[in-house]
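J.: The structure that follows is given in the form of C-alpha cells.
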C-alpha cells in the first residue's frame, strides 16, 4: 500500500494570500493527476502544501518530516540557478546554507531554474490560458531545454509573449496556479529533466 505523500512547494506568496495558495495546490495536483506513468494509488495519496517563500517551505518540510514519520515528505523548490551537483540537496546546501544532514536524495525535488521553466515548456497550455490572439508563441516554441534559461530570461520572455493578450502580461500569483493546472506532464518532462526526475520519484514510490 502506498503511503500518504506530501509535497511542500515553494510559492503562493505571503500566508495571507489564501486564494493563491489554494489555487496553487490545486494546480499542482491537477498537473500530477494527468501523468500516465503514475498509478491511481499514488495519485490518490499525493497532496501539495503551498508554503510561500523557499525558507518557509524548507522549515515546513522539516517539521512535517519529524511529525509525520509514516508519510513520504518531499520538498519542491526552485533551484534559482543552474544545478552543478548530482545530489540536489548539495545544491541547496551551497545556495541556501541549509542543514541537509539526514535527508534522503529523493526527498529533494527541484524546479530548474524556477517554476516558470515548467510553465514555459508547454506552449499549448500557455495558448489555452492566454488565447492565441496576440500571444507570441515564438518566444518558447523552439526551446529544447527550458532548464538552460535563467530566471530573468524566463520572466522577460513570459511577459513579452503575453503582454498584449486579453489577460495581460504574465503575473506569478494571478496566472501561474491556473497555468500549472493546464500543463501536460509528458511535454514538460521532455523539456525539463528535473521535472522528469520528480515524476520518476513519484512512480518509484509505488514499487
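What follows is calculated from the coordinates using simple rules that are stated; it is not laboratory data. Bear in mind the structure is a predicted one, so any value in this text is a computation, not a measurement. For neighbour counting, all protein chains shown are included, and Cβ atoms are generated from backbone atoms with ideal geometry for every residue, glycine included.
J.: Before anything else, pin down the relative contact order of the range 118-174: Cα pairs under 8 Å, at least 6 apart, normalised by residue count, whole percent.
T.: Answer for the range 118-174 is 37 percent.
J.: Moving on to the next point. Measure nothing but the geometry: give the 0 to 90° angle between the long axis through the Cα atoms of 193-205 and the longest principal axis through the Cα atoms of the chain, rounded to 10°.
T.: 40 degrees
J.: Taking the Cα atoms only, what angle lies between the long axis of helix 54-67 and the longest principal axis of the chain, rounded to 10 degrees?
T.: Roughly 30 degrees between the two axes.
J.: Next up: Take the range 118-174, drop everything but the C-alpha atoms, weight them equally and run the Debye formula without solvent; then report log10 I(q)/I(0) at 0.15, 0.19, 0.25 Å⁻¹ to two decimals.
T.: Evaluating at q = 0.15, 0.19, 0.25 Å⁻¹ gives log10 I(q)/I(0) of -0.36, -0.59, -1.05.
J.: Same structure, new question: Express as a percent, rounded to the nearest 5, the fraction of DSSP beta bridges in the range 1-91 (both residues included) that run antiparallel.
T.: 10 percent
J.: Can you tell me the 0 to 90 degree angle between the C-alpha axis of helix 151-162 and the longest principal axis of the chain, rounded to 10?
T.: In the chain, helix 151-162 runs at an angle near 40 degrees to the longest axis.
J.: Most fluctuating residue of 177, 88, 69 in a GNM of the chain with Cα springs under 10 Å: which is it?
T.: With Cα springs under 10 Å in the chain, the top fluctuation among 177, 88, 69 is at 69.
J.: To check my understanding: the extent here is largest minus smallest coordinate of the Cα atoms along each principal axis. What are those three numbers for the chain, in Å, largest first?
T.: On the principal axes, the chain reaches 50, 37, 35 Å in Cα extent.
J.: Starting from the Cα-Cα distance between residue 193 and residue 40, subtract it from 0.36 nm times their residue separation and give me the gain in nm to one decimal.
T.: 52.7 nm
J.: Here is a further query. Go through 163-172, 44-53 and give me the packing order, highest mean Cβ count within 10 Å leading.
T.: 44-53, 163-172
J.: If I take every Cα pair under 8 Å that is 6 or more residues apart in the chain, average their sequence separation and divide by the length, what percent do I get for the relative contact order?
T.: Answer for the chain is 27 percent.
J.: Over what distance in Å are the Cα centres of the range 63-77 and the range 35-62 separated?
T.: Computed from Cα coordinates, the inter-centre distance equals 9 Å.
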